[in-house]
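The values are calculated or read from the model by the stated rules, or taken from the named source; none is laboratory data. On a predicted model such as this, the values are computed, not experimentally measured, just so you know. With ideal geometry, Cβ positions are generated from the backbone for all residues, glycine too; neighbour counts draw on all protein chains shown. These accessible areas exclude ligands, DNA and RNA; they are computed on the full protein's heavy atoms, side chains included. Shrake-Rupley method; radii C 1.70, N 1.55, O 1.52, S 1.80 Å.
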Amino acid sequence: MKTLKTIMAACLLFITVGTTAQNDKDKKIMKDAEHAKTMIMEKDAGFEKFFKNASGYVIFPNVGKGGLIVGGASGNGVVYENGKAVGMADLKELSVGLKAGGQAIVEVVFFETDEALAEFKEGNFEFGAEASAVAVDKGVSQNTNYSDGVIVLTMPKAGLMADISVVGQKFSYHKFKM
């Protein structure tokens, strides 16, 4: 009986430590996401209209990309609905083409409608080769428009990468536990 209590206590401790570690990781990602939003707004204040008017958006503050001919990327982000954080997301990317190098970027995906956001939150959202990303720079927000209810913004943080490739991105969503 004493062994069973010890095992149960150890399991509870493991679960508590694991949950605390995940919460700490989520808090860091959320802090990084807010910092990334600030950096984007400093670069081009015109993007404020997207943050204000979108049904939702996801900020991936630290996406790591790399490859030589075949490449990949991954990152974790925060999902916002009507400006309020509602969950976490992760991004996985596979690409093939003329590419070499490594890079860290910020990626923001805006959803124009509730339907587009709901599709993302269902957990099977993907972008194919037809999706295009807008590089954040001064004045670019004036000519940026939604395509099929979605806009993807990217902003380099560090590294150097030459890239002409076919890319597929897959996302997953995890609602905050209440």
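Would you list K157, K138 from the most to the least accessible area, probe 1.4 Å?
K138, K157
So if R0 is 25 Å, what FRET efficiency would K25 and E122 give, r being the distance between their Cβ atoms, rounded to the nearest 0.05?
E(calc), rounded to 0.05, equals 0.60.
Express the C-alpha Rg of the stretch 18-175 as a ratio against the empirical globular expectation 2.2 N^0.38 Å, rounded to two decimals.
0.99
Treating cross-link reach as a plain straight distance, find the lysines whose alpha-carbon is under 30 Å from the alpha-carbon of K99, omitting any fewer than eight places away in the same chain.
Within the straight-line limit of under 30 Å, K99 reaches these lysines: K37, K43, K65, K138, K157, K170.
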